[in-house]
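A.B. asks: Before we start, here is the structure in question, set down as structure tokens.
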Amino acid sequence: MKVLRLQKPMLNSMYTAQLDFQQLELTDLTTFDSAFLRGWRTRVKEHLDWVYTMLRPRICLVCGEPFNVWDMHEGIVTRGDTRGWPRPRQLLIMCALNCIPLHHTCHLDSPPKRELVWESQCDFYGEEPVRAWYEGLPWKVGPPRRF
Ligand SMILES: [Zn+2]
């Protein structure tokens, strides 16, 4: 059984796209369960918290107000989009390129359209890595042409 250790540098480099996904060797992942998922999301949240402290304005994309406590929102590709994918591959959308922080109420009441999240992520990371990530996901018949 392959043991995957989640290390910050790996997550910190998530916005540089594919390399990380190769390193993850997701098809070998046999320990994927809800505890693993929680741990994964916690690491991504820690990374995002750092990004939104050091590099990006700590502002909610929905209401434009500052946030302190926040929810993590899968904004470009949703969890619903990954239904039917082998479970470890669902982790591919839980990365900095796809996830943004929102106020809890904004997340529940009026989550942003994916086009808005796409624009915001491309502004920050550049379109190339965002598109490479998006098109590299394990779509069954190619990526939906949304962007
Ligand atoms: Zn908000």
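The values are calculated or read from the model by the stated rules, or taken from the named source; none is laboratory data. Since the structure is predicted, the reported quantities are computational estimates derived from the model, not experimental observations. When we count neighbours, we look across all protein chains shown, and the Cβ atoms used for this are built from the backbone with ideal geometry, even at glycine.
A.B. asks: Here's a check for you: in segment 103-135, which residue that is over 13 Å from the mean Cα position of the chain (by Cα) and among the polar types (S, T, N, Q) is nearest to residue 71 (Cα to Cα)?
C.D. replies: The extreme case among them is 105.
A.B. asks: In addition: What number of residues in segment 48-89 are surrounded by fewer than 14 Cβ atoms within 10 Å (Cβ to Cβ) and in a strand (DSSP E or B)?
C.D. replies: 2
A.B. asks: Inside segment 31-47, can you point out the residues that are outside any helix (DSSP H, G or I) and out of contact with any helix residue (DSSP H, G or I) (no Cβ under 7 Å at 6 or more places or on another chain)?
C.D. replies: Within segment 31-47, 31, 33 qualify.
A.B. asks: Test residue 84 against the stated conditions and say whether it is free of Cβ contacts under 8 Å to residues at least 60 places away in the same chain and not basic (Lys, Arg).
C.D. replies: yes
A.B. asks: Also, quick follow-up: For residues that are farther than 21 Å from residue 135 by Cβ and of a type in the set (Asp, Glu), tally how many sit in segment 85-123.
C.D. replies: Of the residues in that region, 1 qualify.
A.B. asks: Among the residues of segment 45-69, which ones are over 16 Å from residue 94 (Cα atoms), modelled with pLDDT under 95 and of a type in the set (Lys, Arg)?
C.D. replies: Passing the criteria: only 56.
A.B. asks: For residues that are surrounded by fewer than 16 Cβ atoms within 10 Å (Cβ to Cβ), in contact with a Pro (Cβ under 9 Å, 6 or more places away or on another chain) and in a helix (DSSP H, G or I), tally how many sit in segment 90-139.
C.D. replies: Qualifying residue count for the region: 2.
A.B. asks: Mind listing whichever residues of segment 93-138 are within 16 Å of the ligand (Cβ to nearest atom) and within 11 Å of residue 73 (Cα to Cα)?
C.D. replies: 99, 100, 101, 102, 103, 104, 106, 107, 108, 111, 112, 117
A.B. asks: Considering each residue of segment 39-81, count those that are hydrophobic (A, V, I, L, M, F, W, C), free of Cβ contacts under 8 Å to residues at least 40 places away in the same chain and either within 16 Å of the ligand (Cβ to nearest atom) or touching a Ser or Thr at 6+ places or on another chain (Cβ under 7 Å) (or both), and give that number.
C.D. replies: Final tally of qualifying residues: 5.
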